[in-house]
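The values are calculated or read from the model by the stated rules, or taken from the named source; none is laboratory data. What you see is a predicted model; the values in this text were computed from it and never measured. Here the Cβ positions follow ideal geometry from the backbone for every residue, glycine too, while neighbour counts run over all protein chains shown.
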Amino acid sequence: NLPTKVTIIEVGPRDGLQNEESFVDTEVKKKFILQLVGAGIKEMEVTSFVSPKWVPQMRDAAEIVQAVPAGVKSIVLAPNRRGVDRVMETSINAVAVFVGVSNTFNKKNINKPTKESMEELIPIISELKKRNYFVRACISTAFYCPYEGKVAEADTISLCREFAEAGVDELSVADTIGMAVPTEAFSLFSKIKKELPELMVAAHFHDTRKTALANIFAALQAGIDRFDTSAGGLGGCPFAPGATGNVATEDVVYMLQRMGIDTGINLDKLTEAIDLITPAVSRPITTGYYQLARKS
Ligand code: HMG
Ligand code: MG
């Protein structure tokens, strides 16, 4: 019972670049976003309104959002009141808050225990909903934590439920350090879909141990039809040691297209977007589809 259509939420400009030490020129970021839209991306995390002291790469968020074209759902991350206030000064209407199931990870990432983050975020979510924002909640360390190890399914599901009760529109459930395997992906996503059937649910896999495509296949079988992916497989959270890139958009699109699942994304144009960002990033692009495309 696989879906015939899947939505790709491109996270390259956000997750893909946030871990880059050298500042990527704002104009290059803007062009990257435009080329991704040209390749058929319809939903994208474009930047983060986080503290520039914590993540200097995202310090140009206010400039980036001015460049996003109409017709694409542009989502920005915001960790706190200050972030949401900054978003409200822009024309953006989709916000992603983010929290880790693991307390230690949450402290490293947003300097607060998970419970305190939720206490801060619940009234913010309700205000955002009153003002008609689309609200996404990114659930980090949904499977494993780099500090605490295995995370209990029940804890992840309980945090998902808290966000659902707070009124979010979508959950993005993340394997932050790419440790999950397909049996775990199938189990967790089946349970989340069963518990929260009304909610949009996306899967966010990092490909650290090369299990991400297999996890996507497992998540598809659990009823997930929304996936966060990053062009060129860039990405990683600066506060999750060892975390490498997100699963690559091109590899996911290739696999889904060959399975007869429509993504609306043009692989040639996507490859050109990766060409543009390659010189701006510190790591070579080693994803399967891209390397083969550029050899021929
Ligand atoms: P803090 O130091 O506790 O914050 O950091 P604070 O409230 O004490 O503020 C410190 C300074 O930052 C102040 O400035 C604030 O104004 C400023 P000062 O008075 O010193 O000049 N500040 C801000 N400036 C701009 N925008 C803001 C903001 N907030 C405070 N929003 C804080 C707490 C949450 C701010 C910090 O920890 C932070 O920014 N963390 C973000 C970390 C991050 O971006 N991580 C990556 C994204 S999450 C991720 O990648 C995971 C995901 O992909 C899913 C997965 O794979 O798991 C989504
Ligand atoms: Mg991530």
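Being among the acidic types (Asp, Glu) and more than 16 Å from ligand 1 (Cβ to nearest atom) holds for only one residue in 207, 268, 228, and it is 268. Looking across region 170-185, the residues that are within 16 Å of ligand 1 (Cβ to nearest atom) and either surrounded by fewer than 16 Cβ atoms within 10 Å (Cβ to Cβ) or in contact (Cβ under 8 Å) with a residue 60 or more places away in the chain (or both) come down to 172, 176, 177, 178.
A single entry from 199, 213, 159, 188 fulfils the requirement of being among the aliphatic types (A, V, I, L, M), crowded, with 17+ Cβ neighbours inside 10 Å, in contact (Cβ under 8 Å) with a residue 40 or more places away in the chain and more than 15 Å from ligand 1 (Cβ to nearest atom): 213. What's the number of the only condition in (1) in a loop (DSSP other than H, G, I, E, B); (2) within 22 Å of residue 105 (Cα to Cα) that residue 264 fails to meet? The one condition residue 264 does not meet is (2).
Residues in region 50-80 that are of a type in the set (S, T, N, Q) and either within 8 Å of ligand 1 (Cβ to nearest atom) or farther than 14 Å from residue 30 by Cβ (or both): 51, 57, 80. Residue count for region 20-43 satisfying the condition of being closer than 27 Å to residue 217 by Cα and within 16 Å of ligand 1 (Cβ to nearest atom): 1.
Considering (1) over 21 Å from residue 197 (Cβ atoms); (2) touching a Phe, Trp or Tyr at 6+ places or on another chain (Cβ under 7 Å); (3) within 13 Å of ligand 1 (Cβ to nearest atom), the lone condition that residue 150 does not fulfil carries the number (3). Of all the numbered requirements in (1) surrounded by fewer than 19 Cβ atoms within 10 Å (Cβ to Cβ); (2) within 10 Å of ligand 1 (Cβ to nearest atom); (3) of a type in the set (D, E, K, R), residue 136 misses one, and that requirement is (1).
Does region 236-253 contain any residue that is at pLDDT 95 or above, of a type in the set (Asp, Glu) and away from ligand 2 (no atom under 15 Å from the Cβ)? Scanning region 236-253 turns up at least one residue that is at pLDDT 95 or above, of a type in the set (Asp, Glu) and away from ligand 2 (no atom under 15 Å from the Cβ).
Within region 1-47, the set of residues being under 29 Å from residue 224 (Cβ atoms), over 11 Å from the mean Cα position of the chain (by Cα) and of a type in the set (S, T, N, Q) comprises 1, 4, 7, 18, 19, 35. Residue count for region 66-97 under the criterion of being more than 22 Å from residue 33 (Cα to Cα) and either under 13 Å from the mean Cα position of the chain (by Cα) or surrounded by fewer than 17 Cβ atoms within 10 Å (Cβ to Cβ) (or both): the result is 3. Contact annotation: residue pairs with Cβ atoms under 6 Å, 6 or more positions apart or on different chains, pairing a residue in region 237-249 that is without any contact (Cβ under 8 Å) to a residue 60 or more places away in the chain with a partner that is part of a helix (DSSP H, G or I) and small (Gly, Ala, Ser), are 247/212; 248/233. Here residue 168 meets the list (1) of a type in the set (A, V, I, L, M); (2) within 28 Å of residue 183 (Cα to Cα); (3) within 16 Å of ligand 2 (Cβ to nearest atom) almost entirely, failing just condition (3).
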